[in-house]
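Each remark here refers to the structure printed beneath this line.
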Amino acid sequence: MNKKVYSALVWGLAVVITGAPLAADDKPADEAGKSSKAKLWSYQPVNPPAVPDVAQSDWVRTPIDAFVLARLEEKGLKPSPDADKAAFIRRATLDVWGIIPTPEEVDAFVQDDSDNAYEKLVDRLLASPKYGERQGRKWLDLARYADSTGFQNDNDRLNMWRYRDYVINAFNQDKPYSRFIQEQLAGDELWPGDEQALIATGFMAQFPDNSNSRDLVQRKYQITTDITDTVGKVVLGQTLECARCHNHKFDKISQKDYFSFQAFFANIAPVDNIPVSNKGEVEKQWQAQWDKWQAATKDIRAKQKAIIDTHREEALKYHKERYLTDSREAIFKPKEQWTAQDRWVNHRLANVTTEGSLQSFFQERGESTDPKTYDKKVAEQWAELEKLNKELRKFDDLKPTTSSNNISAMTELGHPDAPPSFVFAVGDHEKPLEQVEPAFPAAITSEKPDIKPLAFSSGRRTALVKWLTSETNPLTSRVYVNRVWDQYFGKGIVATLSDFGKAGEKPKNPELLDYLAKQFVKNGWSVKQLHKEILLSSVYRQASDYREDVKQVDPENELLAVFPRQRLEAEQVRDSLLVAAGKLVDTVGGPSVYAPLPSAINTNYRNNNAAGFNDRMWRTSKDEKDHNRRSLYIFTRRSIPYPILDSFNMASPQEAHSKREVTTTPLQALTLFNSEVIFDWSKSLAGRVINEAGEEEADRINRLYRILFARNANEDELATLQAFLDEQAKVISAKAENGKFEINVPAEIKDKKIDDPIRAAAFVDLVHTVANSNEFIYRF
Amino acid sequence: MSNSSRRDFLIKTGYGLGGLTVSGLLPGGGVIASALADDAALAAIAGENPLAPKAPHFAAKAKTVIWLHMAGAPSTLDLYDYKPELVKRAGTPIPASFLQGIKTSTQGGVTKLIATKRTWKQHGQSGAWFSDWLPNLAEHADDLAFIKSSVTVGATHDISIMKLNSGGLNPGRPTLGAWVQYALGSANHNLPAYVVLYNDKREPRGGVTNWESGFLPAVYQGTPFRPGDSPILHLQNPQYVADSEKRNALDLLRRLNESHAGRYPTDTELQARTESYDLAYRMQETAPEAVDFSKESDATKKLYGLDEEITKPYGELLLRARRLAERGVRFIQVVSGPTDIKGDSRDWDAHQNIEENHGKHSKIVDKPIAGLLKDLKAKGMLEDTLVVWTSEFGRTPWSESGDGRDHNPWGYTQWMAGGGVKAGYTHGSTDELGVQSAKGSEVDTYDLHATVLNQLGLDHLKLIYKYQGRSERPTVVYGKVIKELVA
């Protein structure tokens, strides 16, 4: 390849696939709405036609195939033959578990000639907890899941992993999707004694937050907005948020509809200090660690408290005065006069006020160079507090870093009365217009919410989830089955996964969509059965090889006459490399872990507030096993996306993430080839291959290929790779002749000696290169 | 495959089967430039590359933006916005009339006006005021266009920094640099078009939030150039892997990929991935070169203050910024870092002891910024390089503590230089005490963004990305170009 071509390559050399909708006309939407009398397709009841008759009926394994084949036959296309079994199991294992299969799993399946070999495989895959981990990660994308709050301070959220585990378990237990939604949006109302249902409401508590906000009234509005918009997108596939500042431009959603929908959430408040009731090993360990810290710091904290106590009231008042005018009105109001809104503001205040907050008073009086502010006595106290802060920091390493013994949930704080909701002019909460009550968008349904207040809660969300998960809701089931379809085929039947509105795409195969939606509800909203039917379909079983005839008739492969290959997602890349290296630690669940960061990223912050604590943003786990956990257990810090995953387009947790993009960039090439962590895995993989294969190089290469690609190397490849070893050994020797004998050798070799370190180093390079190839990073 | 046959097939095949099937959904298209960009006939397909160079909406005045974010928010009342009345009234309560229409905190009382011990002078033909904290920058008075009526939303840094960078009050919106990269693509194949620099050993607070691509595809996210001579993550070969070894391995990789591609002859995504390794290989040279000062003269280094300890870290950033601007980087976001104030690491956020805090921070940035302007001018680059001096908000004339200042989102000063702005012009003003901007002349962050985009040849109203059914633009639903600032 010549220089000229290089220069034509650009930095971003990239391929992007997103769910961005086609341009829609920018005319006001209620106009557009009026012009078409009929309800939008997605608002109409789910109503699948009879399964179509097809000519090639022996291809039909499930009705899904008939719906797909009918369209192919209309175009005169035949489906592709089945993929070979090894390719199939690699594909299915990556899709269902998110990792590559072992050579033994491949062999067992390939050799299984029984009639139900495929079904046994699919059942085995769906029965593994790895299924829940993979599906759970998909849902966490939508839940904007993170272990920290975001914004500049990006505080820890050490309870959230319990919600993550709840999600994984829900999929593994095949919890009906309807119940799954009910628990996440109204678990506290519907099952008040059920701890898991409470943890489930953590879905609503994933909003990005800034604990030092001075405008608590605005904060409440932003949090309610976040939840409303998330539910609209995730559950209903509706861009409700478009109607917050003005009536929806495309859909018949008015501002009034929007704020009426927001009213379902008017009374909810985040609660982060509910003690875990069933204390297991994690909780006991946490308690032991926490007790250690408590004991070690008892005297220091007692001394600090004694100092703060001398001015506690003043210091608290000083702290409260930092809030803005309307927040202060609620804060300084006597409790008996609190409205529901004031109650929220004061709850928030209590949540973000710490002993550290009270130190600001001492800092101001103690540091000021202004004689009117300065107080010599307080200055002495401040100096003492600072000294104690420094001492306290010395014990930071004793503090538990990834968990707590509390649950984070959303509740209504035990009160049935909700603050009033208003339509806000241009979405500005300081400009209320008419008052509104909870209601469903009129364009979607004429149903009215049946709200029955409870003693401890408004009952609004119970009414909401009843509608969302009713069998007649036209959106909930369609939106979800479409997301699952998208996972397998790289593109939803409706390509805009979270926009089933007018500006979104229309379904490419509406009959199939409705068949899946209907079947899903009929099967009791069983997610596993939905997966199973897709996995056992002929559509899914097809080969992905290029076909000229398809290219001519259906260049975008929308009809699926060929199976669409896909780039692995970030977690699939990292987790599969770990599996290949034989290093994956497959513990399910538990507190998040800190895998190591590249050393160039220094996250050792020192906060400049009064409390002045050392807040290291990344506390790499001491237990090295934690470094090799599955990617979904890596601490999701909003400000520091984990670099290996970030470069392969992991989900951004800032808002509901509907679809993983696929970009191809040089940064990925740099990451995969140069990352020390990944290179170490290649050394381990090289060692594993040597341990597991014989002395023959060809055997080793075949073993490598079977691990990574589920196949043997062909003759050409063997020749190429052995020639590479010869050549690379020479290159490495030349390096050694230059006086540097620094080479990489396979790691963790058992009971074997490396006779020829140079050739072994060449083998490491070979392994690393093969792991970097397209065949590994895609599933076909 | 030869160069010409590769191109042929890219023309013939368009998008690959299977992989790129949804590319038609993307407003910027899906695919790849690959071997295309230098062939006019192929420009249409090259345009499908999200980072292929794109034409602006109209003739651009600026090619590059150097965005100097003074993190923590300096008191511009003590730098540019001279208020004799404040000096006179220091120590007295602020009249209620100045607080009309704003929501304030009352911590420490809003009533204690303070003045700092500055001496003030007018400079240049424009007669712009500078305090003695910025002696070097003052020499460039006639190069700057001041906005003395800046306004924003938010009372805390996190919200206002987010708004300054992205226009959003919540996370999720693309930052300005990401929009620029989306709109104009990359002018240099070997460097990212949007680079973030910071002069602290640590990551800037908020990390990726400061340069995120939000709802734009992730490829438009800013790339932090980290301190040291290897600015991008994973730029170095793994330990003990010699370059000759790597070159050989990459040749093998290409052979493996090309042989495998036989089954997928029209798959451009797979091809793009094959090409990306050679691009990455070249980047291992070009990125360090961009931050290598060995060919810079001592005089230049001195200009940026590299010869003094206090100015060296920030000076190095600005010299990096100039080198990146020379190499066609479109948007260079420079975040000023904290410094040691009485044993604590602090940015410009001087709630206490503004004298020491601002004295030091001014010293850190004054000479390097003046040096940058001088250097750009000498190299003939100032004409098409827009330098923006900005912060998340300003500071109040009153004090919580008696010797520091609180946050002021209602009236503060920012400035622009070069890139076709009206040098020597001052836009807007604040009231006599520097609390609020004069009505009618306010410049919000949205207006600043619109004006910056305008200088890059972009109409903020036409810079659209369709997302979730909405036509999103950088200025949300606000923003106007401040025409008076444009030369």
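The values are calculated or read from the model by the stated rules, or taken from the named source; none is laboratory data. Fair warning: this is a prediction, and the values are worked out from it, not measured in the lab. We place every Cβ from the backbone using ideal geometry, glycine too, and count neighbours over all the protein chains shown.
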Report summary line: Flagged in the stretch A:420-466 as among the small types (G, A, S) and under 33 Å from the mean Cα position of the chain (by Cα), in numbering order, are A:S421, A:G427, A:A439, A:A442, A:A443, A:S457, A:S458, A:G459, A:A463
Report summary line: Note: among A:I777, A:I749, just one is at negative phi and more than 12 Å from chain B (Cβ to nearest Cβ), namely A:I749
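Based on this model, can you work out whether A:N691 counts as without any contact (Cβ under 8 Å) to a residue 40 or more places away in the chain, of a type in the set (S, T, N, Q) and either more than 28 Å from B:I232 (Cβ to Cβ) or within 10 Å of chain B (Cβ to nearest Cβ) (or both)? Walk me through it before giving the result.
Numbers: without any contact (Cβ under 8 Å) to a residue 40 or more places away in the chain: no; of a type in the set (S, T, N, Q): yes; either more than 28 Å from B:I232 (Cβ to Cβ) or within 10 Å of chain B (Cβ to nearest Cβ) (or both): yes.
It is false that A:N691 is without any contact (Cβ under 8 Å) to a residue 40 or more places away in the chain, of a type in the set (S, T, N, Q) and either more than 28 Å from B:I232 (Cβ to Cβ) or within 10 Å of chain B (Cβ to nearest Cβ) (or both).
Out of curiosity, is B:F331 in contact (Cβ under 8 Å) with a residue 24 or more places away in the chain and touching a strand residue (DSSP E or B) at 6+ places or on another chain (Cβ under 6 Å)? Can you show your working first?
Values: in contact (Cβ under 8 Å) with a residue 24 or more places away in the chain: yes; touching a strand residue (DSSP E or B) at 6+ places or on another chain (Cβ under 6 Å): yes.
Against the criterion (in contact (Cβ under 8 Å) with a residue 24 or more places away in the chain and touching a strand residue (DSSP E or B) at 6+ places or on another chain (Cβ under 6 Å)), B:F331 qualifies.
Identify all residues within the stretch B:169-197 that are under 13 Å from the mean Cα position of the chain (by Cα), of a type in the set (A, V, I, L, M) and modelled with pLDDT of 95 or more; write none if there are none. Break it down stepwise before answering.
The first filter runs over the stretch B:169-197 and keeps only residues under 13 Å from the mean Cα position of the chain (by Cα), leaving B:174-181, B:193-197.
Going one step further and asking which of them are of a type in the set (A, V, I, L, M), we end up with B:176, B:178, B:180, B:193, B:195-197.
Answer for the stretch B:169-197, where residues must be under 13 Å from the mean Cα position of the chain (by Cα), of a type in the set (A, V, I, L, M) and modelled with pLDDT of 95 or more: B:L176, B:A178, B:V180, B:V195, B:V196, B:L197.
Given the options B:A272, B:A299, name the one that is under 30 Å from the mean Cα position of the chain (by Cα) and surrounded by 22 or more Cβ atoms within 10 Å (Cβ to Cβ). Outline the logic, then answer.
Numbers: B:A299 fails: surrounded by 22 or more Cβ atoms within 10 Å (Cβ to Cβ).
Exactly one of B:A272, B:A299 is under 30 Å from the mean Cα position of the chain (by Cα) and surrounded by 22 or more Cβ atoms within 10 Å (Cβ to Cβ), namely B:A272.
For residues in the stretch B:251-281 being aliphatic (A, V, I, L, M) and without any contact (Cβ under 8 Å) to a residue 24 or more places away in the chain, which is nearest to B:L235 (Cα to Cα)? Step through it out loud before you land on a result.
To start, the set of residues in the stretch B:251-281 that are aliphatic (A, V, I, L, M) comprises B:252-253, B:256, B:261, B:270, B:272, B:279-280.
Checking the rest, the ones that are also without any contact (Cβ under 8 Å) to a residue 24 or more places away in the chain come to B:252, B:256, B:261, B:280.
On the way: B:L252: 20, B:L256: 23, B:A261: 27, B:A280: 8 Å.
Top of the filtered list is B:A280.
Could you list all residues from the stretch B:94-146 that are within 14 Å of chain A (Cβ to nearest Cβ), at positive phi and touching an Asp or Glu at 6+ places or on another chain (Cβ under 9 Å)?
Quick first cut of the stretch B:94-146, residues within 14 Å of chain A (Cβ to nearest Cβ) only: B:96, B:99-117.
Add one more test, that the residue is at positive phi, and what stays is B:101, B:108-109.
B:G108, B:G109, listed by residue number.
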Query raised in the report: Across the stretch B:210-224, which residue is modelled with the lowest pLDDT among those that are touching a Pro at 6+ places or on another chain (Cβ under 6 Å), crowded, with 24+ Cβ neighbours inside 10 Å and not in a loop (DSSP other than H, G, I, E, B)?
Result: B:V219
Query raised in the report: Quick one: in the stretch A:541-550, which of the residues that are within 14 Å of another protein chain (Cβ to nearest Cβ) and in contact with a helix residue (DSSP H, G or I) (Cβ under 7 Å, 6 or more places away or on another chain) is surrounded by the most Cβ atoms within 10 Å (Cβ to Cβ)?
Result: A:Y546
Query raised in the report: If we keep just the residues of the stretch A:241-265 that are surrounded by fewer than 24 Cβ atoms within 10 Å (Cβ to Cβ) and within 26 Å of the chain's Cα centre (by Cα), which is nearest to the other protein chains (Cβ to nearest Cβ)?
Result: A:E241
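Pick from A:I223, A:I199, A:I168: which is under 14 Å from the mean Cα position of the chain (by Cα) and in contact (Cβ under 8 Å) with a residue 24 or more places away in the chain?
Details: A:I223 fails: under 14 Å from the mean Cα position of the chain (by Cα); A:I199 fails: under 14 Å from the mean Cα position of the chain (by Cα).
Selected residue: A:I168, the only one of A:I223, A:I199, A:I168 that is under 14 Å from the mean Cα position of the chain (by Cα) and in contact (Cβ under 8 Å) with a residue 24 or more places away in the chain.
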**Report entry** Any pair with Cβ under 7 angstrom, 6 or more apart, that starts in the stretch B:348-373 at a residue that is at positive phi and without any contact (Cβ under 8 Å) to a residue 24 or more places away in the chain and ends at one that is buried (at least 24 other Cβ atoms within 10 Å of the Cβ) and in a helix (DSSP H, G or I)
**Finding:** none
Requested in this report: Return a yes/no flag: does the stretch A:551-569 have any residue that is away from chain B (no Cβ under 14 Å) and under 30 Å from A:F679 (Cβ atoms).
Outcome: no
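Pick from the stretch A:716-739 the residues that are among the charged types (D, E, K, R) and within 8 Å of chain B (Cβ to nearest Cβ): which of them is surrounded by the fewest Cβ atoms within 10 Å (Cβ to Cβ)? Give the steps one after another, and end with the answer.
Let us first name the residues in the stretch A:716-739 that are among the charged types (D, E, K, R), namely A:716-717, A:726-727, A:730, A:735, A:737.
Narrowing further to those that are within 8 Å of chain B (Cβ to nearest Cβ): A:716-717, A:727, A:735.
Values: A:D716: 10, A:E717: 19, A:E727: 14, A:K735: 21.
In this case the residue turns out to be A:D716.
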Report task. Name the single residue, out of those in the stretch B:198-211 being out of contact with any Gly (no Cβ under 7 Å at 6 or more places or on another chain) and more than 7 Å from chain A (Cβ to nearest Cβ), that is farthest from B:S345 (Cα to Cα). Result -> B:N210
Query raised in the report: What tally of residues in the stretch B:225-239 results from selecting those that are assigned to a loop (DSSP other than H, G, I, E, B), in contact (Cβ under 8 Å) with a residue 60 or more places away in the chain and either facing chain A (nearest Cβ under 7 Å) or of a type outside the set (D, E) (or both)?
Result: 1
**Report entry** strands (runs of 3 or more DSSP E) fully within the stretch A:394-465 counting 3 or more residues that are surrounded by fewer than 22 Cβ atoms within 10 Å (Cβ to Cβ) and hydrophobic (A, V, I, L, M, F, W, C)
**Finding:** A:421-424
Query raised in the report: Can you name the residue in the stretch A:498-510 that is surrounded by fewer than 23 Cβ atoms within 10 Å (Cβ to Cβ) and within 11 Å of chain B (Cβ to nearest Cβ) and, of all such residues, is nearest to A:L142 (Cα to Cα)?
Result: A:E505
Requested in this report: Identify all residues within the stretch B:159-172 that are buried (at least 24 other Cβ atoms within 10 Å of the Cβ) and facing another protein chain (nearest Cβ under 9 Å); write none if there are none.
Outcome: B:I159, B:I161, B:M162, B:P171
Query raised in the report: Any chance the stretch B:198-212 includes a residue that's more than 30 Å from A:D549 (Cβ to Cβ) and more than 17 Å from the chain's Cα centre (by Cα)?
Result: yes
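Please find, within the stretch A:363-379, the residue that is surrounded by the fewest Cβ atoms within 10 Å (Cβ to Cβ) out of those that are more than 45 Å from the chain's Cα centre (by Cα) and under 22 Å from B:A115 (Cβ atoms).
Restricting attention to the stretch A:363-379, the residues satisfying the condition of being more than 45 Å from the chain's Cα centre (by Cα) are A:365-366, A:368-379.
Keeping just the survivors that are under 22 Å from B:A115 (Cβ atoms) gives A:365, A:368-374.
Details: A:R365: 24, A:S368: 24, A:T369: 15, A:D370: 19, A:P371: 9, A:K372: 12, A:T373: 22, A:Y374: 17.
The residue in question is A:P371.
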Requested in this report: For B:K363, indicate whether it is at pLDDT 95 or above, out of contact with any Ser or Thr (no Cβ under 9 Å at 6 or more places or on another chain) and surrounded by fewer than 21 Cβ atoms within 10 Å (Cβ to Cβ).
Outcome: no
Query raised in the report: Out of all the residues in the stretch A:345-370, which are over 30 Å from A:A418 (Cα atoms) and not in a helix (DSSP H, G or I)?
Result: A:S368, A:T369, A:D370
Requested in this report: At least 1 residues that are farther than 21 Å from B:V435 by Cβ, without any contact (Cβ under 8 Å) to a residue 12 or more places away in the chain and charged (D, E, K, R) in each: list the strands (runs of 3 or more DSSP E) lying fully within the stretch B:76-157 that qualify.
Outcome: none
